[in-house]
Amino acid sequence: MSLLVVLILLVVMSILGVAVMRSSSMQERMAANLRDRSLATQAAEAALAAAQNYLNTTTKWRTTVPDATTCTNEGVCPTFTKKTAATWIAGPQVGGANGVPLTTTDYWIEYLGENQTAMETGGVIPSSETVTLGPLFRITARSQSVGRAAVTLQTDVIYRFQRL
């Protein structure tokens with residue numbers, strides 16, 4: 001009789017052990033996916049920063065309205081350019097050392113106009129401030145690596161400076 005009780009307890013303990021192992025395995029995979037997504041997001045943010053830096057250092061975009069040629073050559077596209085028609089510019093490569101996978105990034109910039117008084121968010125810019133408003137751009141950046149998470153981020157950038 002005691003042998004039967006011990007065998008039943010052994011089966012119950014084995015089932016519990018398998019359940020705990022499966023749970024631990026699932027949590028490990030979730031943590032790895034979270035890390036992967038976080039690294040991809042950081043890489044896409046690096047591409048956004050590179051695009052903003054490009055706009056900050058290239059003063060011709062203060063006065064030049066992009067056209068199809070600049071879209072092809074420089075990745076700065078006119079308003080209403082389809083994502084498939086845009087030329088993606090290579091951004092910084094992120095990772096590749098200390099166990100962090102190498103992730104490639106790229107971006108493209110869309111010109112949205114200038115002197116916007118009503119933003120997409122519904123906010124209104126006071127008319128006293130529209131004198132120093134510059135062009136408005138939308139930056140789309142993405143990071144991708146084979147077998148890893150892919151992240152796409154967008155931001156709108158409006159410049160406030162005296163017109164050249």
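The values are calculated or read from the model by the stated rules, or taken from the named source; none is laboratory data. The structure displayed is predicted, hence computed values, not measured ones. Positions of Cβ are backbone-derived with ideal geometry, glycine not excepted, and every protein chain shown enters the neighbour counts.
Just to be sure, is residue 35 basic (Lys, Arg), assigned to a helix (DSSP H, G or I), out of contact with any Leu (no Cβ under 7 Å at 6 or more places or on another chain) and over 27 Å from residue 152 (Cβ atoms)? First the steps, then the outcome.
Numbers: basic (Lys, Arg): yes; assigned to a helix (DSSP H, G or I): yes; out of contact with any Leu (no Cβ under 7 Å at 6 or more places or on another chain): yes; over 27 Å from residue 152 (Cβ atoms): no.
Answer is no for this residue.
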Failed criterion for residue 6 (all others in (1) in a helix (DSSP H, G or I); (2) touching a Gly at 6+ places or on another chain (Cβ under 9 Å); (3) not aromatic (Phe, Trp, Tyr) hold): (2)
Test set (1) surrounded by fewer than 16 Cβ atoms within 10 Å (Cβ to Cβ); (2) polar (S, T, N, Q); (3) in contact (Cβ under 8 Å) with a residue 40 or more places away in the chain - residue 104 fails condition number: (1)
Of all residues making up region 21-50, the number that are loosely packed, with under 12 Cβ neighbours inside 10 Å and either acidic (Asp, Glu) or in contact with an Asp or Glu (Cβ under 6 Å, 6 or more places away or on another chain) (or both): 1
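Yes/no per residue for (1) in contact with a Gly (Cβ under 8 Å, 6 or more places away or on another chain); (2) under 25 Å from residue 135 (Cα atoms):
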site: 34; (1), (2): no, no
site: 38; (1), (2): no, no
site: 48; (1), (2): no, yes
site: 53; (1), (2): no, yes
site: 67; (1), (2): no, yes
site: 87; (1), (2): yes, yes
Residue that is farthest from residue 150 (Cα to Cα) [pool: residues in region 51-77 that are in contact with a strand residue (DSSP E or B) (Cβ under 7 Å, 6 or more places away or on another chain) and among the aliphatic types (A, V, I, L, M)]: 65
Filter result (crowded, with 17+ Cβ neighbours inside 10 Å, out of contact with any Phe, Trp or Tyr (no Cβ under 7 Å at 6 or more places or on another chain) and in a helix (DSSP H, G or I)) within region 51-88: 52, 54, 61, 70, 71, 74
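Just wondering, is there one or more residues in region 124-133 that are out of contact with any helix residue (DSSP H, G or I) (no Cβ under 7 Å at 6 or more places or on another chain), surrounded by 15 or more Cβ atoms within 10 Å (Cβ to Cβ), part of a loop (DSSP other than H, G, I, E, B) and at pLDDT below 85? Full working, then the answer.
Keep residues of region 124-133 that are out of contact with any helix residue (DSSP H, G or I) (no Cβ under 7 Å at 6 or more places or on another chain), which gives 124-133.
Filter again for surrounded by 15 or more Cβ atoms within 10 Å (Cβ to Cβ), leaving 125, 133.
After this cut, where a residue has to be part of a loop (DSSP other than H, G, I, E, B) as well, the list is 125.
Filter once more, keeping what is at pLDDT below 85: 125.
Checked against the condition, which is being out of contact with any helix residue (DSSP H, G or I) (no Cβ under 7 Å at 6 or more places or on another chain), surrounded by 15 or more Cβ atoms within 10 Å (Cβ to Cβ), part of a loop (DSSP other than H, G, I, E, B) and at pLDDT below 85, region 124-133 yields at least one hit.
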